[in-house]
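Just below is one structure, and these are the notes that go with it.
The values are calculated or read from the model by the stated rules, or taken from the named source; none is laboratory data. What you see is a predicted model, and the numbers here were worked out from it, not measured in a lab. Methodologically, a virtual Cβ is constructed for each residue, glycine included, from the backbone with ideal geometry; neighbour enumeration extends over all protein chains shown.
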Amino acid sequence: MEVHYMTQEGLDKLKKELADAIAQRPVISAQIAEARDKGDLSENAEYESAREAQGLLELNISKLQNLVANARVIDETQIGTDKVQMLNKVKVKNLTTGQIMNFTLVGESEADFTAGKLAVKTPIGQALLGHSVGEIVEARVPAGIIKFEILDITL
């Protein structure tokens, strides 16, 4: 069992996604029944397609149920800013390019790089965890090693 840390907002989003997926079950069952009524199942592409959609839906439901069941909501009032930890907003400087970047460290299910939400399990997230303002950290990414200076840590 792997624990999935997330915000309350992230858990609420997952629960809605799960409810929406479960609501699709009757729709796909109806598609299967309709395709089955069309005759020979061995040559019925519509039936095969509906069965495949059902399998993918059930796989997604199972994954979402696992995430919700193993979710642990982080109490944001217990988050400090002396060292980088989950839910911190971290301002860093890429020492190679000089680029300043801002990340909020979140759980994998809430990650959205375009919104500045970086999963703590990424190489950069792992490198930043536990470090303080002014420290230089190295992250090993597929393109090589990137060095960052931590400029600021906030909530």
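The figures follow:
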| quantity | calculated |
| --- | --- |
| Residue that is nearest to residue 121 (Cα to Cα) [pool: residues in the range 1-18 that are more than 13 Å from the chain's Cα centre (by Cα) and among the basic types (Lys, Arg)] | 15 |
| Selected residue (criterion: farthest from the chain's Cα centre (by Cα)) from residues of the range 30-68 that are without any contact (Cβ under 8 Å) to a residue 12 or more places away in the chain and under 17 Å from residue 20 (Cα atoms) | 30 |
| Hits in the range 85-118 - residues which are in a strand (DSSP E or B) and under 12 Å from residue 150 (Cα atoms) | 89, 90, 91, 92, 93, 94, 100, 101, 102, 103 |
| Test: residue in the range 69-84 that is in contact with a Gly (Cβ under 6 Å, 6 or more places away or on another chain), outside any strand (DSSP E or B) and in the same structural domain as residue 131 (by TED's automatic domain parsing) | yes |
| Of residues in the range 121-139 being within 19 Å of residue 3 (Cβ to Cβ) and of a type outside the set (S, T, N, Q), the one surrounded by the most Cβ atoms within 10 Å (Cβ to Cβ) | 125 |
| Candidate set from the range 108-120 (those that are free of Cβ contacts under 8 Å to residues at least 60 places away in the same chain and over 15 Å from residue 88 (Cβ atoms)); member that is surrounded by the fewest Cβ atoms within 10 Å (Cβ to Cβ) | 114 |
| Options 21, 71: the member that is under 15 Å from the mean Cα position of the chain (by Cα), surrounded by 13 or more Cβ atoms within 10 Å (Cβ to Cβ) and of a type in the set (Gly, Ala, Ser) | 71 |
| Count - residues of the range 54-74 that are farther than 20 Å from residue 110 by Cα and in contact with an Asp or Glu (Cβ under 8 Å, 6 or more places away or on another chain) | 0 |
| Failed item in (1) part of a helix (DSSP H, G or I); (2) surrounded by 14 or more Cβ atoms within 10 Å (Cβ to Cβ); (3) modelled with pLDDT of 90 or more, with residue 56 passing the rest | (2) |
